[in-house]
Protein chains: 2
Amino acid sequence: MTVQKTLQRILEMIKERDTNLDDFFQNLHPSDFAEIVEDLTGEQKRELFELLSDEEAAMVIQEMEDFDQVVLIQLLTTKRASAILREMATDDAADLLGELPEEQAKELLTLIDEDADEIRDLLKYPEDSAGGIMTTEFISFPENMRVEEAIRRLRELAPEAETVYYVYVVDDETRLIGVLSLRDLIAAADGTPLSNIMRKNLISVPVDMDQEEVAKLVSRYDLLAVPVVDERNSLLGIITVDDILDVLEEEATEDIYRRVGASEMEGVGLVEASVRNLITRRLPWLIITLFGGLLAGGVIGGFTATLEKIVVLAVFIPVIMDMGGNVAAQSSTVFVRGVATGEIESEESWGYFFREIRVGLSMGFICGATIGLVVATAAVFLRLFPAFGFMQDIDLSPLLGIVVGIAMFTTVTLGAIIGTLVPLLFNKAGIDPAFASGPLVTTIKDVTGLLIYFSIASLFIPYL
Amino acid sequence: MTVQKTLQRILEMIKERDTNLDDFFQNLHPSDFAEIVEDLTGEQKRELFELLSDEEAAMVIQEMEDFDQVVLIQLLTTKRASAILREMATDDAADLLGELPEEQAKELLTLIDEDADEIRDLLKYPEDSAGGIMTTEFISFPENMRVEEAIRRLRELAPEAETVYYVYVVDDETRLIGVLSLRDLIAAADGTPLSNIMRKNLISVPVDMDQEEVAKLVSRYDLLAVPVVDERNSLLGIITVDDILDVLEEEATEDIYRRVGASEMEGVGLVEASVRNLITRRLPWLIITLFGGLLAGGVIGGFTATLEKIVVLAVFIPVIMDMGGNVAAQSSTVFVRGVATGEIESEESWGYFFREIRVGLSMGFICGATIGLVVATAAVFLRLFPAFGFMQDIDLSPLLGIVVGIAMFTTVTLGAIIGTLVPLLFNKAGIDPAFASGPLVTTIKDVTGLLIYFSIASLFIPYL
């Protein structure tokens, strides 16, 4: 069924107050259902959710974006909202409550009797920490339990747990001492105690670990879930791989946005943000660029005497600036991404930097030679056939090719060096290098690029 | 054990030709082992791998980066290499063979008797398609099998299969007709035939689907694995979530690199590429930028008469260019990322574009007013206290504030519009919008920005 048709059908059901939504849940994944709901008006959403059971509603809400979840909860009565929250996984319920106004979250929490304490605990952890993304719905067994008993218990617990693919083994004080994959369990002979087949050398994460680190770990070791422990090694919760997929996407987006000074705020993505919200986030970076640009302009201001003599020098300002900018963008992008994915490790970064210098020198040479030739050829051509000069009053000296060529060579080389060095130093200083590639790099490469260009031009002035 | 210590211990073992590496495999994840191996010299690698069994070697190689895998295989004899390949998962073996020179791959394939046909089949699919990332080591059962029999069979098959968490149900012609998660299976009552409890409404992907699409699907539906089928709906293989984590990272990297004209080539990442390789990839984009920059310079060339009269106008060229550039970078980045994550769907893009115009107008107004005030204030100050003028020969007219302010307003607004419109049109035309944000946007915003700036300045010339 197409989205359009499904939407139409849902609208009809709302009109007819049809409570038989079972065929929908048979044929439509809650995630698809959620997407359709997001396109409905507030009134339609409210009516539709009146038709759903609490459990069905919880399944759909879990699949919605943070922002849309909040909107929807606001449409429902407190009683209904708490009934739906009760049916949600504890981690999803905690995330949603975390997005709501504090008063409302508190009120809803008092109405959720079951799991309320667990949710309250989850709310304590920062949203982007292991604690903030873990769920408390895991399965743990004592070490002396036997394989067949464990499988039997698993079969009972399966409907409630977040994952049954890992079973954790704990001692009498709930300290994590081992893990069994469901695979190990079903491959083991009956009668074996869990302590005999469990893996003791297991990977767990502390509750305050950053979610990006957790994602790297899960990806590196190909885990389906990772246990979260406190400083006593007590098992607090687990993080499953489906949440890690979301973290990876979220973190990549954050890195990309940071590089253009457009950070996401809590809860509201840049794509769905209001105009006012967007301006608040993007403007600071632009204002810094503005003063950086004025600083670069100051360099030109220092050379007005040169410029007055040979005004055509201004013609090459854009190409010098653009080339420096684009080389720096390439260099900083590759370095920043390399650090984010772990391909460039801290101790390798200087080696990487020196390779980048060689790349910069080579590309600088090629670009410098190219533009030098283009300018010199154009100058000779214009002297031979002045009628072709679309820009009147311009007399290009072929020597200008040398000036622009040398300036281009140094600008491109410096662009590569600055574009790598600035994020590298940020990284060494423990600051996210994604912040480095913005106005700071732009200003440095503009100031140095223009300074070099006009200095060389001043040297050549007697011959131009 | 720290990486340093482990490395040292391995070096000792190599020296002592110690074949007892078991304690290492007990305490060290193959992925950690692989990382250490990557730091060894060729000679050390060869010696170490002589100490490993084929199975151990396969586990370590599977965790290495493509590039390092190829280097390592070249160090081993053909016989040893084929023995190790035989122990690898079919998808990993096919990936590795795909990276090798064709002759060598063929030779190795003839030596791998078992699974060779499966690997040969896998090699036919493009590397970034569902077929290219799937494995053939899945478990499928006939529909009339009963739950307890399926669990018993699973326990036998578990050690070989890539995942045991989904069991696929096929008819007599190997057509996929249903799926059971291991969870469904262990939660079901004994004696039930699989056809009674399997989910018929399952998500599968065609063998030629792009890996990015597969990743979106897996992420959206929180799957641990997805089956791959041909046009007859025959089950060909499965893709597991751990491979999807890699795809997500790879695709995010590709998007990021494309935006600065630095695409990855097959097999070799930008971080590990040679200088020559890097130049080949990055230079074309720079040469286009170079001619774009000259075009923008041509605009200044057209206004040399204006510039000769008021040479100080050149001082504001950098700030106009930088601001247009950075606003366009913000706009295109948010749009391109929104499309990549699916947050901006095709039918929503015009609405998004119109919001961006409002953002551009507002930010343009603020930036225009800011720079206008700064320039006017500076002009007044310099007229009152000429001694402070660090740039001699400069006489700033306060009216210049109005010229620069209006130019800034239009440049910022246009930057937002161009930065969104160009990738939007690319997207509508079916081209990856990540390609759009480079030289094309730079050139368009430079040409329009400078044209507007000098046109306004020319209008005001009598009063400046």
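Numbers below:
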{"read-out": "Residue in the stretch A:420-437 that is at pLDDT 90 or above, hydroxyl-bearing (Ser, Thr, Tyr) and under 30 Å from residue A:285 (Cα atoms) present", "value": "yes"}
{"read-out": "Residue check, residue A:300 in a helix (DSSP H, G or I), within 7 Å of chain B (Cβ to nearest Cβ), closer than 28 Å to residue B:292 by Cβ and of a type outside the set (Ser, Thr, Tyr)", "value": "yes"}
{"read-out": "Residue selected from the stretch B:316-368 under the condition touching a Phe, Trp or Tyr at 6+ places or on another chain (Cβ under 8 Å) and within 13 Å of residue B:413 (Cα to Cα), by the criterion surrounded by the fewest Cβ atoms within 10 Å (Cβ to Cβ)", "value": "B:365"}
{"read-out": "Test: residue in the stretch B:255-263 that is more than 18 Å from the chain's Cα centre (by Cα) and either at pLDDT 85 or above or of a type outside the set (Gly, Ala, Ser) (or both)", "value": "no"}
{"read-out": "Output for the stretch A:182-205, where each listed residue is touching a residue at least 24 places away in the same chain (Cβ under 8 Å) and polar (S, T, N, Q)", "value": "A:192, A:195, A:204"}
{"read-out": "Subset of the stretch A:303-341 [farther than 30 Å from residue A:252 by Cα and within 7 Å of chain B (Cβ to nearest Cβ)]", "value": "A:304, A:305, A:307, A:308, A:311, A:312, A:314, A:315, A:316, A:317, A:318, A:319"}
{"read-out": "Subset of the stretch B:171-224 [in a strand (DSSP E or B) and at pLDDT 90 or above]", "value": "B:175, B:176, B:177, B:178, B:179, B:193, B:205, B:206, B:210"}
{"read-out": "Residue A:434, sole failed condition from (1) within 12 Å of chain B (Cβ to nearest Cβ); (2) surrounded by fewer than 24 Cβ atoms within 10 Å (Cβ to Cβ); (3) touching a residue at least 60 places away in the same chain (Cβ under 8 Å)", "value": "(2)"}
{"read-out": "Conditions (1) assigned to a helix (DSSP H, G or I); (2) closer than 30 Å to residue B:216 by Cβ; (3) facing chain A (nearest Cβ under 10 Å); number of the one not met by residue B:420", "value": "(3)"}
{"read-out": "From the options A:368, A:415, A:430, A:351, residue that is under 39 Å from the mean Cα position of the chain (by Cα), outside any helix (DSSP H, G or I) and not aliphatic (A, V, I, L, M)", "value": "A:430"}
{"read-out": "One residue from A:197, A:203 being within 31 Å of the chain's Cα centre (by Cα) and either surrounded by fewer than 18 Cβ atoms within 10 Å (Cβ to Cβ) or closer than 22 Å to residue B:185 by Cβ (or both)", "value": "A:203"}
{"read-out": "Test: residue in the stretch B:228-240 that is under 21 Å from the mean Cα position of the chain (by Cα), closer than 15 Å to residue B:136 by Cα and not in a loop (DSSP other than H, G, I, E, B)", "value": "yes"}
{"read-out": "The stretch A:138-154, residues that are part of a helix (DSSP H, G or I), free of Cβ contacts under 8 Å to residues at least 40 places away in the same chain and crowded, with 17+ Cβ neighbours inside 10 Å", "value": "A:151, A:154"}
{"read-out": "Of the criteria (1) closer than 30 Å to residue B:432 by Cα; (2) surrounded by fewer than 15 Cβ atoms within 10 Å (Cβ to Cβ); (3) at the interface with chain A (Cβ under 10 Å from one of its Cβ atoms), which one residue B:126 fails", "value": "(3)"}
{"read-out": "Residue match in the stretch B:434-446 (condition: over 25 Å from residue B:295 (Cβ atoms) and either of a type in the set (S, T, N, Q) or part of a helix (DSSP H, G or I) (or both))", "value": "no"}
{"read-out": "Residue tally, condition hydroxyl-bearing (Ser, Thr, Tyr) and crowded, with 19+ Cβ neighbours inside 10 Å, over the stretch B:206-225", "value": "1"}
{"read-out": "Candidates A:245, A:236, A:224 - the one that is within 30 Å of residue B:59 (Cα to Cα), touching a residue at least 40 places away in the same chain (Cβ under 8 Å) and among the aliphatic types (A, V, I, L, M)", "value": "A:224"}
{"read-out": "Failed item in (1) outside the structural domain of residue B:447 (by TED's automatic domain parsing); (2) within 27 Å of residue B:459 (Cβ to Cβ), with residue B:322 passing the rest", "value": "(1)"}
{"read-out": "Those residues of the stretch B:86-103 which are of a type in the set (Gly, Ala, Ser) and in a helix (DSSP H, G or I), in sequence order", "value": "B:93, B:94, B:98"}
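The values are calculated or read from the model by the stated rules, or taken from the named source; none is laboratory data. Because the structure is predicted, anything quoted here is derived from the model rather than measured. Note that we place each Cβ from the backbone using ideal geometry, even for glycine, and neighbour counts take in every protein chain shown.
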